[in-house]
Amino acid sequence: MPEAGKKRVVAYEKLVIGPVTTVGEMVMGGHWLEMLKVQKQAGTYKSYGAAAAHMWKDLGFYGFYKGFWPAGFFQGCYKGIPVLFVQGEVKYMLNERNFMGQKADVAAGVTAGVVQVRKGGALCKA
């Protein structure tokens, strides 16, 4: 529980950590899996394997990251901010109200996820 009279320090480093981890996830597999999903949903290929084979054969390694820069990168940064920053802020507020432990962690995580979805949805509709 936060100590009375102690000045609260906002964890601004989480504004950097969130986007870095989200962009890292996109680079490590999230973006190219999304590319395969889009190709399959468009009806271009009958299977994910066919889509992957075509992308590898015709476009090479970089074909899996087509569209990542700059739009995908900035979307990753934008969507990554709430992941850790909002979660930390909500957890702090819950702890102030004596709501602690795993329940506070889960509630803060769910709240951050909802904010991320709302913000991501708003970005995609713009």
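First measure r as the distance between the Cβ atoms of VAL110 and LYS37, then evaluate 1/(1 + (r/R0)^6) with R0 = 22 Å and state the FRET efficiency to the nearest 0.05.
Values: r = 25 Å, r/R0 = 1.12.
Here the calculated transfer efficiency is 0.35.
So which of LYS79/LYS103; LYS66/LYS103; LYS46/LYS66 end up more than 32 Å apart by C-alpha? It would help to have the intermediate numbers written out before the result.
On the way: LYS79/LYS103 24 Å; LYS66/LYS103 40 Å; LYS46/LYS66 20 Å.
Long pairs (Cα-Cα over 32 Å): LYS66/LYS103.
Across segment 14-95, the relative contact order, built from alpha-carbon pairs under 8 Å that are at least six residues apart, equals 52 percent.
Would you mind classifying segment 60-120 by shape? Square roots of the alpha carbon gyration tensor eigenvalues, ordered a ≥ b ≥ c; an a/c under 1.5 is rounded, otherwise it is prolate if a/b is larger than b/c and oblate if not. Prolate.
Rule-based calculations on the coordinates, nothing more; no lab input. Everything quoted here is computed from the prediction, not taken from an experiment. Neighbour counts run over all protein chains shown; Cβ positions are idealised from the backbone, glycine included.
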